[in-house]
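The values are calculated or read from the model by the stated rules, or taken from the named source; none is laboratory data. This one's a predicted model, so the numbers in the text were calculated from it and none came from an experiment. Ideal geometry is used to build each Cβ from the backbone, glycine not excepted, and the neighbour counts take in all protein chains shown.
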């Protein structure tokens, strides 16, 4: 009888301990408040304005189009100009020619042509940043060297163009040894976009074109826009649609219709 009483007492003590531990776990307080926050993305990173497309032309006319891309973001963004041209009457490639620095033409259908103006960029500077052609790498490094966005720019090159990125880091055909061995992400990024060079006898790299948040799309940055030629046998009407987009990963310089001059 005494043994049974002892066992019941021990089980009672064990049950009390288990309940106490469970109660402590259930009552363990959260040591901080809960914070929930959201971010709304407004607008687009690039603002595009287009001037120079006339409301009417005669067969054989040429007109100059100035398409300006403005970076609204606080980091560098590469952008190329895309154009879609429709002729509801049935266009053919010979009825229209775009004269640009470099780009590509694609026949989408019997009525639609698509143009790609530019190469992999150029790289638009962050909002409010502008350096003219001829600015030295030292000046750029002093002004922008501590910015956090350069690793992100190089990472995007790596994702989109692994071969081009590899040439900036290891032996390759797209970069000199000085670029590959340099620790400057600014030099690597701008060299990749063909925006910086080292002239014979120069002591520092310099910008070959402006590094600015405002860029006029022409292909290489040296022209004031680009020309559109309406051929003498053209008829009907042409409907132009312009937009800016990120470079793709297709290696446009290897595109079958990629050219510099008439597209």
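Things worth noting here:
- Hits in region 59-111 (condition: touching a strand residue (DSSP E or B) at 6+ places or on another chain (Cβ under 7 Å), surrounded by fewer than 16 Cβ atoms within 10 Å (Cβ to Cβ) and closer than 12 Å to residue 234 by Cα): 59, 60, 61, 93
- Of all the residues in region 26-50, those that are under 30 Å from residue 123 (Cβ atoms) and without any contact (Cβ under 8 Å) to a residue 24 or more places away in the chain number 5.
- Residue 134 satisfies every condition listed in (1) touching a strand residue (DSSP E or B) at 6+ places or on another chain (Cβ under 7 Å); (2) in a helix (DSSP H, G or I) except (2).
- Scanning region 137-150 for residues being more than 14 Å from the chain's Cα centre (by Cα) and either crowded, with 17+ Cβ neighbours inside 10 Å or not in a loop (DSSP other than H, G, I, E, B) (or both) gives a total of 9.
- Filtering region 228-260 to residues that are out of contact with any strand residue (DSSP E or B) (no Cβ under 6 Å at 6 or more places or on another chain), in a strand (DSSP E or B) and modelled with pLDDT of 80 or more leaves only 230.
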